[in-house]
Amino acid sequence: MVRMSAEERRESVIRAAMTEFAHGGYTGTSTEAIAKRVGVSQPYLFRLFPGKKAIFLAAVQRCMADMRRVFDEASEGLEGDEAEHAMAAAYTRIIDEHPERLLMQMQTYVAVAAAEAAGDHEFGETVRAAWAELWDAAHLPLGADTETTTQFMAYGMLINTLVAMGFPPGHRVWEGFYASARPERKGP
């Protein structure tokens with residue numbers, strides 16, 4: 001059996017944490033559940049990360065970086081409407097194929113609001129910085145037009161909400177979206 005390096009184990013913790021936090025949220029997820037998913041002890045988990053908050057923030061940063069990479073790859077070599085439709089289609093596809101990424105985003109926003117209300121601004125600062133990078137990843141391919149980028153990101157947040165609420169593809173709430181941003185029907 002090949003032993004994992006500390007960095008590989010750290011990566012596996014981040015992936016496991018994304019899944020656990022996506023389903024249980026920050027407060028509803030225990031470090032024990034994350035450690036169990038990875039197959040390590042809690043003390044080992046805390047050798048990799050100083051605490052639950054650090055694990056959560058690493059998972060948030062990974063989630064946002066993954067979404068930024070989706071935008072970057074989809075828009076490579078494209079501009080304007082072509083970039084917009086490519087990024088929208090890629091985003092819709094990724095949250096359809098990997099729903100835990102959408103759930104992680106939604107849990108992130110809830111955790112930020114709760115932390116800010118409790119006076120802890122580190123969550124918000126970290127998430128806002130990552131979200132600003134995501135904004136920038138869309139902004140340049142969209143022609144660096146603030147109104148266009150705002151509309152694109154607003155539609156993305158609406159897509160998040162509709163998908164999270166379980167609106168099926170083909171439901172009338174999707175009619176106002178351009179085709180590349182609509183979820184696809186599965187099956188016959």
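The values are calculated or read from the model by the stated rules, or taken from the named source; none is laboratory data. Bear in mind that the values here come from a model prediction, so they are computed numbers and not experimental data. Here Cβ is always computed from backbone atoms with ideal geometry, including for glycine, and neighbour counts include all displayed protein chains. Surface accessibility is based on the protein's heavy atoms, side chains included, excluding ligands, DNA and RNA. Shrake-Rupley method; radii C 1.70, N 1.55, O 1.52, S 1.80 Å.
General observations
- Matching residues in region 73-95 - criterion: being part of a helix (DSSP H, G or I) and open to solvent by 60 Å² or more (accessible area, probe 1.4 Å): Glu73, Asp81, Glu82, His85, Arg93
- Verdict on Phe167 being assigned to a loop (DSSP other than H, G, I, E, B), out of contact with any Cys (no Cβ under 6 Å at 6 or more places or on another chain) and either over 30 Å from Thr29 (Cα atoms) or free of Cβ contacts under 8 Å to residues at least 12 places away in the same chain (or both): yes
- Whichever residue in region 34-64 is β-branched (Val, Ile, Thr) and more than 23 Å from Trp131 (Cα to Cα) and, among such residues, is nearest to the chain's Cα centre (by Cα): Ile34
- Filtered residues of region 151-188 (kept if open to solvent by less than 60 Å² (accessible area, probe 1.4 Å) and on the phi > 0 side of the Ramachandran plot): Gly166, Gly170
- For region 59-69, the count of residues that are within 18 Å of Ala181 (Cα to Cα), out of contact with any Ser or Thr (no Cβ under 9 Å at 6 or more places or on another chain) and surrounded by fewer than 21 Cβ atoms within 10 Å (Cβ to Cβ) is at least one.
- Each residue in region 1-38 was checked for being free of Cβ contacts under 8 Å to residues at least 60 places away in the same chain, closer than 15 Å to Phe49 by Cβ and not polar (S, T, N, Q), and 18 of them qualify.
- Matching residues, region 135-150, being part of a helix (DSSP H, G or I) and buried (at least 19 other Cβ atoms within 10 Å of the Cβ): Ala137, Ala138, His139, Thr149
- Per-region count, region 1-45, residues assigned to a helix (DSSP H, G or I) and in contact with an Asp or Glu (Cβ under 8 Å, 6 or more places away or on another chain): 8
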